[in-house]
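Read-outs: derived from the displayed coordinates by stated rules, not from any lab. If you're wondering where the values come from, they're calculated on a predicted model, not measured in any experiment. Using ideal geometry, Cβ is built from the backbone for each residue, glycine included, and neighbour counts are taken over all protein chains shown.
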């Protein structure tokens with residue numbers, strides 16, 4: 001099953017980093033967050049990727065064009081008989097990566113519609129280029145196949161950005177909880193789609209996947225949710241970027257399942 005990763009957004013709330021690079025190329029532990037996402041999928045056996053490029057997409061192309069030289073030793077012969085001999089190996093040798101230009105200003109639905117020609121199976125996975133999780137991706141794919149609908153979304157309980165107070169009469173604090181999980185569930189991305197999803201993506205580059213297409217699927221009873229109680233973290237702000245760095249450097253990175 002192929003994995004589509006949305007890599008084209010501007011990342012405006014992380015401007016400290018995305019002014020110079022696309023958000024998927026922001027480094028976590030010395031590697032782009034995109035690399036971490038791909039390693040997560042590969043650990044579950046999904047190694048065929050389609051990257052939907054947009055803002056500063058040329059930097060992602062350069063990263064993969066130079067991947068062998070930057071991750072292996074090599075001997076180079078200069079001059080007219082220019083030749084490069086690679087030495088050793090790396091763990092990503094069986095990755096297949098398709099890099100697709102999907103429009104500088106396209107929205108999520110438009111980007112997915114643009115890569116329709118590259119989808120060669122009945123089902124495929126989709127995620128964002130800024131979210132990390134320990135979601136069991138193979139189990140997610142099996143859940144999607146069993147329910148027979150068009151789309152599956154991973155649902156998680158959100159964590160409050162603030163400490164929560166429980167107050168008694170007179171203002172006495174009965175209980176304080178620092179950033180608890182709050183009621184309800186939200187989408188963490190990590191979608192699985194049947195190729196019938198393309199019938200719902202006909203609004204051009206400006207179409208937003210998370211609006212009319214998914215709402216229409218829900219109304220028709222063709223959207224299912226896979227509940228994940230484990231780790232999920234989206235790198236949306238500089239503070240969240242710093243938190244991911246701290247997790248990785250401390251050796252406590254729940255998304256590192258490889």
Could I get the Rg over Rh figure for the stretch 197-258? Both from C-alpha atoms, Rh via Kirkwood, rounded to two places.
1.16
Taking the Cα atoms only, what angle lies between the long axis of helix 33-43 and the longest principal axis of the chain, rounded to 10 degrees?
90
Using DSSP, restrict attention to beta bridges with both residues in the chain and report what percent are antiparallel, rounded to the nearest 5.
50
Footprinting exposure proxy for 133, 157, 250, 187 (fewest neighbouring C-beta atoms within 10 Å first)
250, 187, 157, 133
Helical contribution to [θ] at 222 nm, DSSP H n ≥ 4, -39,500 (n - 2.57), averaged over the chain, rounded to 500:
-7000 deg cm²/dmol
For the residues 169, 68, what sequence is obtained by ranking on other C-beta atoms within 10 Å, fewest first?
169, 68
Euclidean distance of C-alpha centroids, the stretch 1-49 and the stretch 221-258, integer Å
12
Counting other beta carbons within 10 Å of each residue's own, what order do 56, 256 fall into, fewest first?
256, 56
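Under 8 Å for C-alpha pairs, at least 6 residues apart: give me the relative contact order for the chain, rounded to a whole percent.
25
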